[in-house]
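The values are calculated or read from the model by the stated rules, or taken from the named source; none is laboratory data. Please read all numbers here as calculations on a predicted model, not as lab measurements. Every residue, glycine as well, gets a Cβ built from its backbone with ideal geometry; the counts of neighbours run over all protein chains shown. Please note that ligands, DNA and RNA were not included when accessible areas were found on the heavy atoms of the full protein model with its side chains. Shrake-Rupley method; radii C 1.70, N 1.55, O 1.52, S 1.80 Å.
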Amino acid sequence: MPLQRSNTADKFIVDRRKPHRNSDVARAVRKTRDRLSQQAGNPDFDRELLKLHARAMTSGAVVIPLLVLAIAAAGRLAGVGNEIGLWALFTLTCYTVVAFMARRIERTEAAELNPLQARREFLVGHFLCGLGWAWFVLLGCGTCAVDQFQVVKAVVLLFAMAGTALMASSLSGALLATFAVPVALYAYLGVRLWMPVEAIMAGLLVLSLPFFAYVARHINRSSLMLLSFRSEKDALIAELETAKSMSDEARRRAEDANLAKSRFLASMSHELRTPLNAILGFSEVMANEVLGPMSNPTYRDYAHDVHDSGQHLLDLINEILDLSRIEAGRYQLNEEPVMLLNIVEDCCHMMELRARNKDIRVIQDFEQTLPRLFADERAVRQITLNLLSNAIKFTATGGEIRVRVGWTAGGGQYISIKDNGPGIPEDEIPIVLSAFGQGSIAIKSAEQGTGLGLPIVQGLLAMHGGEFELHSKLREGTEAIAIFPLSRVMEELPALPTAAVASRRR
């Protein structure tokens, strides 16, 4: 019979069926990178400027043609012959060619666009439009009822130049390619005829062309600056999207690792506790010689060692589970009014035997008028025992430990445990505050330790809204301070009235 394998996620330590990355984020990052790679080889943004020029010519394709039609209609009414109709047809054809060229370039992808060829085509199209305006300059009207017909043509050219300077500013040289020939031709005719008004208008056109060219160049630089800002913005967006994608991936892996850790701890805590109960029980029976005396005293010492090692392993498992619950936010506080003085005093009595074995004197310095704290008694007891255990462990024989309980400057309450042991180097304080972290003195110490006491203290105090401070100097000692905030201190309530006072009030 073939082996059946379950497809449920609970059978796996890590659920790999989830998508590894956000597809929308990856698609946005790829699209932005493609656009940036297209711009990377063109520091002057030639493709983008051509696309802007094509968009401007497409959106304003009817402006200049409407002006040409208006001029043609006005010329027919003024008595100009059929030549103005041929001019209008030629000029409209040139602008139509430029409009179709702009529509084709606008629909072309930027990566497929050849900037040199597109620029050349646009300049040729604008030059043809300029030939149409040169034809307009050569138009004559001997029978027109309009005085100063040359002045009217100059005004029309000024309007056309202004409109072209605005629409074609994204393409440098488009204005000159369009109106260099018409303005030169008008100036030549004005100088040749040497009529004051025509000469003045010719000078005005000659001066207007570089002015409008300057305006177009200034708009072009503004467009370049906007494109540069947009490119930087797109680059920042791409970096942010990439960082977000990486953070999502890291968060997913962290969640998987946390899930694997939780399942491992849940499984191993049961698997380790079961044999540990037998080890502790049988070793204790053998060490205490419950079933009869042991002829060899070495075996009895071995039984004590086995029991001590098993107890150390059980303590390690319990501390690891406590730290895991604190980090996962699953440690439930059973909050109630407690007396901090009583808890610390009980802990000092519990640790008195260990301190006496090392000839360490524990000095208690308590303030007697402390109100109750709203806290978890088990957590406060664990905090105190962990700090006292560390102080006794690292204090040399004949040393001294001072335990203080009192008010903080902010109105809270604190527990201070100070020893005169070897101290901790300043650069090792972050190490001893991390999980499984031990300083060089702890590594050299003969006493066993897990390196989880201080992280558990920090976690329990953080759940109470408190703080933990560790001050130490080499060869002077270490002081650990657990601070409970003002919000945990309960105010004293007034005493209830006695029966006599109550009856008197009634």
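Which members of the stretch 164-209 meet the condition of being part of a helix (DSSP H, G or I), open to solvent by less than 20 Å² (accessible area, probe 1.4 Å) and closer than 21 Å to Ala54 by Cβ?
Once the filter is applied, which keeps residues that are part of a helix (DSSP H, G or I), open to solvent by less than 20 Å² (accessible area, probe 1.4 Å) and closer than 21 Å to Ala54 by Cβ, the stretch 164-209 yields Thr164, Ala165, Ala174, Leu175, Thr178, Phe179.
May I ask you to verify whether Ala78 is closer than 19 Å to Leu166 by Cβ and open to solvent by less than 70 Å² (accessible area, probe 1.4 Å)?
Working: closer than 19 Å to Leu166 by Cβ: no; open to solvent by less than 70 Å² (accessible area, probe 1.4 Å): yes.
Judged against the criteria, Ala78 is not a match.
Which is closer than 25 Å to Asn318 by Cα and touching a Pro at 6+ places or on another chain (Cβ under 6 Å), of Ala435, Ala391, Ala375, Ala379?
Details: Ala391 fails: touching a Pro at 6+ places or on another chain (Cβ under 6 Å); Ala375 fails: touching a Pro at 6+ places or on another chain (Cβ under 6 Å); Ala379 fails: touching a Pro at 6+ places or on another chain (Cβ under 6 Å).
After ruling out the rest, the residue left standing is Ala435.
Across the stretch 98-141, which residue is farthest from Met57 (Cα to Cα) among those that are aromatic (Phe, Trp, Tyr) and open to solvent by 50 Å² or more (accessible area, probe 1.4 Å)? Spell out the reasoning first.
Taking the stretch 98-141 and keeping what is aromatic (Phe, Trp, Tyr), we get 100, 122, 127, 133, 135-136.
Now restrict to residues that are open to solvent by 50 Å² or more (accessible area, probe 1.4 Å): 100, 127, 135.
Numbers: Phe100: 9, Phe127: 15, Trp135: 22 Å.
My answer is Trp135.
From the set of residues in the stretch 346-360 that are open to solvent by 60 Å² or more (accessible area, probe 1.4 Å) and in contact (Cβ under 8 Å) with a residue 24 or more places away in the chain, which is nearest to Leu461 (Cα to Cα)?
Let us first name the residues in the stretch 346-360 that are open to solvent by 60 Å² or more (accessible area, probe 1.4 Å), namely 346, 349-350, 352-354, 356-357, 359.
Those left that are additionally in contact (Cβ under 8 Å) with a residue 24 or more places away in the chain: 346, 350, 354, 359.
Numbers: Asp346: 19, Met350: 22, Arg354: 25, Asp359: 31 Å.
Across the stretch 346-360, the extreme among qualifying residues is Asp346.
Take the residues in the stretch 36-58 that are open to solvent by 70 Å² or more (accessible area, probe 1.4 Å) and at pLDDT below 85, then tell me which one is farthest from Thr164 (Cα to Cα). Please lay out each step first, then the result.
Taking the stretch 36-58 and keeping what is open to solvent by 70 Å² or more (accessible area, probe 1.4 Å), we get 37, 40, 43-44, 55.
Narrowing further to those that are at pLDDT below 85: 37, 40, 43-44.
Values: Ser37: 32, Ala40: 30, Pro43: 26, Asp44: 22 Å.
Checked the stretch 36-58; the qualifying residue farthest from Thr164 (Cα to Cα) is Ser37.
Out of everything in the stretch 192-240 that is touching a residue at least 40 places away in the same chain (Cβ under 8 Å) and farther than 23 Å from Phe179 by Cα, what residue ends up being farthest from the chain's Cα centre (by Cα)?
By that ranking, first place goes to Leu224.
Would you mind listing the helices (runs of 4 or more DSSP H) fully within the stretch 57-147 where at least 2 residues are under 15 Å from Ala174 (Cα atoms) and of a type outside the set (A, V, I, L, M)? Working first, answer last.
Working: elements: 63-78, 83-107, 115-138.
Counting at least 2 such residues, we get 83-107, 115-138.
So, in the stretch 470-495, of the ones that are closer than 21 Å to Ile343 by Cβ, open to solvent by 80 Å² or more (accessible area, probe 1.4 Å) and charged (D, E, K, R), which residue ends up modelled with the lowest pLDDT?
Glu492
Among the residues of the stretch 295-317, count how many are more than 23 Å from Leu276 (Cβ to Cβ), of a type in the set (Ser, Thr, Tyr) and assigned to a helix (DSSP H, G or I). Break it down into steps so the answer makes sense when it comes.
We begin by selecting, within the stretch 295-317, every residue more than 23 Å from Leu276 (Cβ to Cβ); these are 295-298.
From what's left, of a type in the set (Ser, Thr, Tyr): 295, 298.
Subset that is assigned to a helix (DSSP H, G or I): 298.
Qualifying residue count for the region: 1.
Quick check, is Gly173 small (Gly, Ala, Ser) and touching a Phe, Trp or Tyr at 6+ places or on another chain (Cβ under 6 Å)? Can you show your working first?
Values: small (Gly, Ala, Ser): yes; touching a Phe, Trp or Tyr at 6+ places or on another chain (Cβ under 6 Å): no.
So Gly173 does not fit the description; no.
From the list Ile320, Ile343, Ile363, exactly one residue is surrounded by 14 or more Cβ atoms within 10 Å (Cβ to Cβ) and either assigned to a strand (DSSP E or B) or in contact with a Leu (Cβ under 8 Å, 6 or more places away or on another chain) (or both). Which is it?
Working: Ile343 fails: either assigned to a strand (DSSP E or B) or in contact with a Leu (Cβ under 8 Å, 6 or more places away or on another chain) (or both); Ile363 fails: surrounded by 14 or more Cβ atoms within 10 Å (Cβ to Cβ).
When all the criteria are applied, what remains is Ile320.
So for the stretch 443-465 (the condition being outside any loop (DSSP other than H, G, I, E, B), within 25 Å of Ile320 (Cα to Cα), in contact with a Gly (Cβ under 8 Å, 6 or more places away or on another chain) and modelled with pLDDT under 80), does at least one residue qualify?
no
Would you check if Pro430 is modelled with pLDDT of 80 or more and more than 21 Å from Arg378 (Cβ to Cβ)? Show your work before the answer.
Details: modelled with pLDDT of 80 or more: yes; more than 21 Å from Arg378 (Cβ to Cβ): yes.
Criteria met by Pro430.
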